[in-house]
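Working notes for the structure below.
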Amino acid sequence: MNSIELNSLWGQIKEQLIDSLPENVHPWITPLEVSGYDNGVLTVVTGQLMGKDILRKKYYNDILKIIKKITHNDNSDIVILFDENAAKSIKKESEKLQKKQAEALQKEKAMENLSFMQSYSNLNLKYKFENFVVGKNNEFAYKVTRSVAENPSQKYNPLFIYGSSGLGKTHLMQAIGHYTIFKNPKLTVKYTKTEDYINDFITNSRNLKNSVENMSKFNKKYTNIDIILIDDIQFIESKNKTMLQMQHTFDSLYNKGKQIVITSDRLPKDIPTLTKALCTRFEQGLMVELVPPEKQNRFDILKKLAQDNGIQYEDSVLDYISEHFVNNVRELEGAFNRVSAYAEINSAPLTLELAKNVLKCDEQGNEIDFNKIAEVTSAFYSISSDELKGSSRNQKVSLARHIAIYLSRELTGKSFVNIAEYYNKKHPTILFAYDKVKNELLTNKDLVKTIREIKQALKVR
Ligand code: ADP
Ligand code: MG
């Protein structure tokens, strides 16, 4: 029998086998290959050791019956052999397939992850490591976040990033998210603002109808992930339930060895509403501070901003802006954006003169320090700087002191520790003053006006 005849014979037999044997046997039949037919004995090979055993032990008679029928030979027999080469090629094929499937799954997961992050969490595409300009002032924070992104849950867990507003906390935190989705799409990342977390919790726990189901969904959402990014934890409410829930989320992730990253405008111990339990948890990892940018960093940030947006500039313009906006990257960028928008709308070149006109900064530069704030505030209240920095509880003096403390934080971006040192006061006293003014500004119009006037005297907006 030549090979064509042999294959055709085997083709008929195989078809019959598939037709008459139960479906769960088909995976053992399909890979069978014919190798010979001599003296009524059909030899087939398989790369599946288990397939060989099963067919021989359980289906030998069924198979034989079909062979006899098709060959019209009552003396036919069948030998099923295991073939190592066939086994190897089967293994290779299935590995290839598995790899392909895994790759496809990874891709799908990455896309899912990405759209999830972007749509669900408003992840800002600008907030990537590539867009973060490193200088002496933020080098440590940058290196630490980068290391967390590369090796989550290894060394720094939780990572607590703190510093005043506009210094790049959210940017660095989200950079971890972006980096992770692209480099390791198997990991799931969730970015959440503390306020959103709280609202989500309240909505789900209040809805009595399906509260168990809702809470289990809530828990899944915040703990069935590999990296959680919780932004602005200082907004945590003092409500017991919210705190406990946050603690639960934290412990659940931490115990599973998941990475937790938190930002705050201050240290955990300086958040008055925070429970001791949460405070301890936040402090147990690494805490890194972001401080106001140095001159070179400010200049470099503007340079990148201009280049990325294809804006023609003179160095003197960047120099001028970075001399005048010193405490806060958001304001620094805001100033540059105002100037470049003005130039564009008026089709004018971006010159130093134009920048000066648009920004109308004080010629001396408005590098504001604690001294200047103390000086101007005490002059505003007609008291002396010594009184302001002293410990008098006179109403006017303590109001002036509170305002000076508030402005010291807002206008310099320096830490509460620095301010406490300057005023020679205990740390909680400084926090109390700052929070008091900040809260009162929400409702007290007179205070808003006063602060505006003092800022004008300081020549800042
Ligand atoms: P925070 O969360 O600390 O208030 P953000 O992360 O929102 O501050 O940063 C404010 C703005 O400044 C963002 O547009 C951010 O991209 C930008 N920014 C801050 N630091 C840098 C930096 N080192 N390089 C580039 N942009 C920065
Ligand atoms: Mg932020």
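The values are calculated or read from the model by the stated rules, or taken from the named source; none is laboratory data. Everything numeric in this text was worked out from a predicted model, so none of it was measured. Ideal geometry is used to build each Cβ from the backbone, glycine not excepted, and the neighbour counts take in all protein chains shown. When the accessible area is computed, the model is the full protein with side chains, heavy atoms only, and any ligands, DNA or RNA have been set aside. Shrake-Rupley method; radii C 1.70, N 1.55, O 1.52, S 1.80 Å.
Quick notes
- Flag set for residue 40, criterion: modelled with pLDDT under 90, open to solvent by less than 60 Å² (accessible area, probe 1.4 Å) and at positive phi.
- Remark: residue 264 matches the filter, which requires a residue to be polar (S, T, N, Q) and crowded, with 23+ Cβ neighbours inside 10 Å.
- For the range 43-58, filtering for residues that are touching a residue at least 40 places away in the same chain (Cβ under 8 Å) and open to solvent by 50 Å² or more (accessible area, probe 1.4 Å) leaves 0.
- When the range 225-242 is filtered for residues that are under 18 Å from the mean Cα position of the chain (by Cα) and more than 16 Å from ligand 1 (Cβ to nearest atom), the ones remaining, listed by number, are 225, 226, 227, 228.
- Test: residue 249 is in the same structural domain as residue 273 (by TED's automatic domain parsing) and either modelled with pLDDT under 95 or touching a Cys at 6+ places or on another chain (Cβ under 7 Å) (or both): no
- Any chance residue 135 is buried (at least 19 other Cβ atoms within 10 Å of the Cβ) and either within 16 Å of ligand 2 (Cβ to nearest atom) or touching a residue at least 60 places away in the same chain (Cβ under 8 Å) (or both): no
- Positions within the range 141-171 being under 19 Å from residue 415 (Cβ atoms) and touching a strand residue (DSSP E or B) at 6+ places or on another chain (Cβ under 6 Å), in sequence order: 141, 144, 159, 160, 161, 162, 163, 169, 170
- Residue in the range 158-177 that is more than 8 Å from ligand 1 (Cβ to nearest atom), hydroxyl-bearing (Ser, Thr, Tyr), modelled with pLDDT under 95 and more than 18 Å from residue 333 (Cβ to Cβ) present: no
- Pairs with Cβ under 7 Å, 6+ apart, first in the range 169-183 and within 13 Å of residue 150 (Cα to Cα), second more than 9 Å from ligand 1 (Cβ to nearest atom) and of a type outside the set (A, V, I, L, M, F, W, C): 175/128; 175/145; 176/145; 177/191; 178/128; 180/152; 181/113
- Looking only at the range 120-157, and only at residues there that are in a helix (DSSP H, G or I) and polar (S, T, N, Q), the one that is farthest from ligand 1 (Cβ to nearest atom): 147
- From the list 421, 453, the one residue that fits, being over 27 Å from residue 168 (Cβ atoms), of a type outside the set (Ser, Thr, Tyr) and assigned to a helix (DSSP H, G or I), is 453.
- Of the strands (runs of 3 or more DSSP E) lying entirely inside the range 185-267, the ones with 2 or more residues being among the aliphatic types (A, V, I, L, M) are found at 227-231, 259-264.
- Of the residues making up the range 307-326, at least one is in contact with a Cys (Cβ under 7 Å, 6 or more places away or on another chain), under 23 Å from residue 357 (Cβ atoms) and not assigned by TED's automatic domain parsing to the domain that holds residue 156.
Conditions (1) more than 22 Å from residue 165 (Cβ to Cβ); (2) crowded, with 21+ Cβ neighbours inside 10 Å; (3) within 16 Å of ligand 1 (Cβ to nearest atom); (4) of a type outside the set (S, T, N, Q), marked per residue:
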site: 247; (1), (2), (3), (4): yes, no, no, no
site: 253; (1), (2), (3), (4): yes, yes, no, yes
site: 269; (1), (2), (3), (4): no, no, no, yes
site: 279; (1), (2), (3), (4): no, no, no, yes
site: 288; (1), (2), (3), (4): no, no, yes, yes
site: 298; (1), (2), (3), (4): no, yes, yes, yes
site: 302; (1), (2), (3), (4): no, yes, yes, yes
site: 307; (1), (2), (3), (4): yes, no, yes, no
site: 314; (1), (2), (3), (4): yes, no, no, yes
